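Enquirer: Quick one: structure below, then a few questions.
The numbers here are math on the coordinates, done by the rules we state, and not lab data. The shown structure was predicted, so the numbers you read here are calculated from the model rather than taken from an experiment. FYI the Cβ positions are ideal-geometry reconstructions off the backbone, even for glycines, and counts take in every protein chain you see.
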Amino acid sequence: MFPEKAKIPKPNPLAKAGIFSQLFFWLSPFLHLGHKQRLEAGDLYTILPEDESEVLGQDLQRCWELEVKRATKQLRKPTLTKVLIKCYGKSFAVAGIFAFSLVCTETPFFFFIDVEMTRNWIPRLWLLHLSA
């Protein structure tokens, strides 16, 4: 009946985030909203200019052309795997190292909490069971 109100795209907080915020905090509001409710297209942030498909496609095309030249010189077939690693490997490696470090530092902490809770709660539950 009423036309849907056009949503103004949300600016990407990563565009103005400092290095510390880029690593830790820029995605938190988005994750918090996703935890509360199902995300919709209007909840998404706008794409950064460097992440647009045209820019990424041009980078990939440039890397592919270089791989074709190298492969021709070396008398081999060009491989997409080498192109992807050359073009995007550094950014994925940095993200992977960061994610790995988070898992390594947080997992023991949460494991410790679980062990402490188990150690404190199971004897109490057993006593409650005996007293019933």
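Enquirer: What list of ³J(HN,Hα) couplings, whole Hz, do you get for segment 33-45 from phi and the Karplus terms 6.51, -1.76, 1.60, once you set θ to phi - 60° and write x for glycine and proline?
Expert: 5, x, 6, 6, 8, 5, 6, 10, 4, x, 7, 6, 7
Enquirer: Could you pull out every residue, at least 5 positions away or on a different chain, whose amide H is within less than 5 Å of the one on Asn12? Hs are placed 1.01 Å off N in the peptide plane, and Pro or chain starts have none.
Expert: Close amide H contacts, sequence-distant or interchain: Thr46.
Enquirer: Which lysines have a Cα lying under 21 Å from the Cα of Lys10, excluding residues fewer than 8 positions away in the same chain?
Expert: Lys36
Enquirer: Work out from phi, with θ = phi - 60° and the Karplus expression 6.51 cos²θ - 1.76 cosθ + 1.60, the ³J(HN,Hα) of each residue of segment 68-79, listed in order in whole Hz, and give x for Gly and Pro.
Expert: Each residue of segment 68-79 in turn: 5, 4, 5, 5, 5, 5, 8, 6, 9, 7, x, 10 Hz.
Enquirer: In the neighborhood of Pro29, defined by Cβ-to-Cβ distances under 13 Å, what is the net charge if each Lys or Arg adds +1 and each Asp or Glu adds -1?
Expert: Result for the neighbourhood of Pro29: +1.
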